[in-house]
Structures are given as C-alpha cells and as structure tokens.
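Colleague: The following block contains the structure, expressed as structure tokens.
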Amino acid sequence: MIEVTIDSIRVSLLSQNRIVVLKEEHSERFLPIWIGPFEADAITLQLQGMEAPRPLTHDLLKSVIETLGAEVLHIVINSLERNTYFARIVLDMNGETLEIDSRPSDAIALAVRVSVPIYVAEEVMEQAGMMPEEEMSLSEEGERRSEYSDSSTEDLGAFKDFVEGLDLDSLLGN
C-alpha cells in the first residue's frame with residue numbers, strides 16, 4: 001500500500017464534478033479521482049476546519065463508529081474496475097479488524113474527520129497514477145484528455161485569441 005495525502009480538490013469548469021487529487025507521500029506521483037460536489041464539500045469543510053451547522057453524513061458515520069466502540073485504522077483505495085474506484089474503511093473493533101466497502105469519496109471524507117492515513121493499493125497507483133510532466137505532455141500531444149477538464153484544449157482556441165487581444169491597461173483604468 002502506498003500512503004497518500006490530499007493534494008487538492010479541483011472543480012471542473014464545465015460541470016458540477018470535482019476531482020480529489022491524492023499525492024503519493026514520497027514521490028511526485030498523484031492520483032486524480034472524480035467525486036461528487038457534496039462529497040467534495042464535506043472533505044473541504046473538514047480540511048479548512050469549518051463546521052457545518054448540522055452534522056453531515058460523514059460526521060454521523062464517525063459518531064456511529066465511535067459509539068459502537070470501534071476505531072478507524074485507515075482507509076485504502078483498493079481497486080479500479082471499468083474506470084470506477086473502490087475503497088475500504090479499515091476498522092478495529094474489540095481487537096478484530098473489519099473492512100467495510102465504501103466509495104473513495106466517502107472513505108476520504110471519513111479519514112479527514114478521524115485523522116487516519118489514506119492508502120492506495122500499489123496496483124491502482126500503477127494503473128492510474130500520474131506524474132505531473134506525464135499529464136502535461138499527454139495533454140499537449142492530444143493523446144489523452146486532461147484529467148482536469150471536460151473539453152479538449154482545441155475547443156479553447158477562440159478564447160485564447162480573445163484573452164491575448166485584451167487591453168488590460170484600459171480595462172484597469174491605467
């Protein structure tokens with residue numbers, strides 16, 4: 001298993017989709033995972049130290065686990081099948097290790113609430129992990145759509161001309 005940290009949560013400009021970017025602890029390799037807006041908000045709120053006025057689902061899950069006398073040990077993104085990630089929440093309950101199936105976004109939202117490590121199975125990282133220059137070169141060559149966009153860069157040509165033609169001095173009153 002490879003330990004990762006949450007590098008960032010990014011927003012698609014063209015949809016409500018979010019991407020949580022997990023970065024390998026001792027490498028520049030990262031793993032982008034598409035998640036829903038509610039799960040992204042739940043992760044972001046906790047990372048920023050903000051509290052919701054009412055407990056969110058992940059707060060409830062934390063409370064239930066603690067009330068039952070269990071402890072979350074870690075979470076692991078353990079599988080990637082047909083472009084869908086799978087995760088497991090690993091618990092200790094009275095000395096017995098239990099593994100609970102989960103969506104990665106829910107497992108990550110719980111992990112940040114209970115401050116436990118996040119792991120990615122080696123085979124998942126081998127299959128879907130990316131190096132920063134690898135992602136950049138692939139999108140430049142057009143061989144692979146960027147993981148951070150719902151459209152290809154070719155569709156943005158008109159905007160490039162527009163932005164390059166802007167007279168920022170006159171817009172700013174200079």
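The values are calculated or read from the model by the stated rules, or taken from the named source; none is laboratory data. Quantities reported herein were computed from a predicted structural model and do not represent experimental measurements. Note that each Cβ is placed from the backbone with ideal geometry, even for glycine, and that neighbours are counted across all protein chains shown.
Colleague: Working only within the range 92-134, note down all residues that are assigned to a strand (DSSP E or B) and more than 20 Å from Ser79 (Cα to Cα). It would help to see each step written out before you state the result.
Modeller: First, pick out the residues of the range 92-134 that are assigned to a strand (DSSP E or B): 92-93, 96-102, 118-120, 130.
The answer is Asp92, Met93, Glu96.
Colleague: Pick from the range 69-122 the residues that are touching a strand residue (DSSP E or B) at 6+ places or on another chain (Cβ under 8 Å) and basic (Lys, Arg): which of them is nearest to Met1 (Cα to Cα)?
Modeller: Per the criteria, the residue is Arg88.
Colleague: Does the range 53-68 hold any residues that are surrounded by 12 or more Cβ atoms within 10 Å (Cβ to Cβ) and not β-branched (Val, Ile, Thr), and which are they?
Modeller: Matches in the range 53-68: Pro55, Leu56, His58, Asp59, Leu61, Lys62, Ser63, Glu66.
Colleague: Determine whether Ser27 is under 16 Å from the mean Cα position of the chain (by Cα), surrounded by fewer than 19 Cβ atoms within 10 Å (Cβ to Cβ), modelled with pLDDT of 90 or more and of a type in the set (Gly, Ala, Ser).
Modeller: So Ser27 fails the test.
Colleague: Sticking with this structure for a sec: Is it the case that Glu154 is at pLDDT below 95 and in contact with a Lys or Arg (Cβ under 9 Å, 6 or more places away or on another chain)?
Modeller: No.
Colleague: In the range 1-21, which residues are in a strand (DSSP E or B), hydrophobic (A, V, I, L, M, F, W, C) and surrounded by 15 or more Cβ atoms within 10 Å (Cβ to Cβ)?
Modeller: Residues of the range 1-21 that are in a strand (DSSP E or B), as a first pass: 2-11, 18-21.
When the remaining residues are screened for being hydrophobic (A, V, I, L, M, F, W, C), the result is 2, 4, 6, 9, 11, 19-21.
Across the range 1-21, the qualifying residues are Ile2, Val4, Ile6, Ile9, Ile19, Val20, Val21.
Colleague: Right, here's the next one. Just give me the residues in the range 81-91 being part of a strand (DSSP E or B) and of a type outside the set (A, V, I, L, M, F, W, C), in sequence order.
Modeller: Scanning the range 81-91 gives Glu81, Thr84, Tyr85, Arg88.
Colleague: Hey, any hits in the range 49-57 for a residue that's among the β-branched types (Val, Ile, Thr) and either touching a strand residue (DSSP E or B) at 6+ places or on another chain (Cβ under 8 Å) or assigned to a loop (DSSP other than H, G, I, E, B) (or both)?
Modeller: no
Colleague: Right, another one. Would you check which residues across the range 69-89 are surrounded by fewer than 18 Cβ atoms within 10 Å (Cβ to Cβ) and either within 21 Å of Pro117 (Cα to Cα) or of a type in the set (S, T, N, Q) (or both) and list them?
Modeller: Gly69, Ala70, Glu71, Leu73, His74, Ser79, Asn83, Thr84, Phe86
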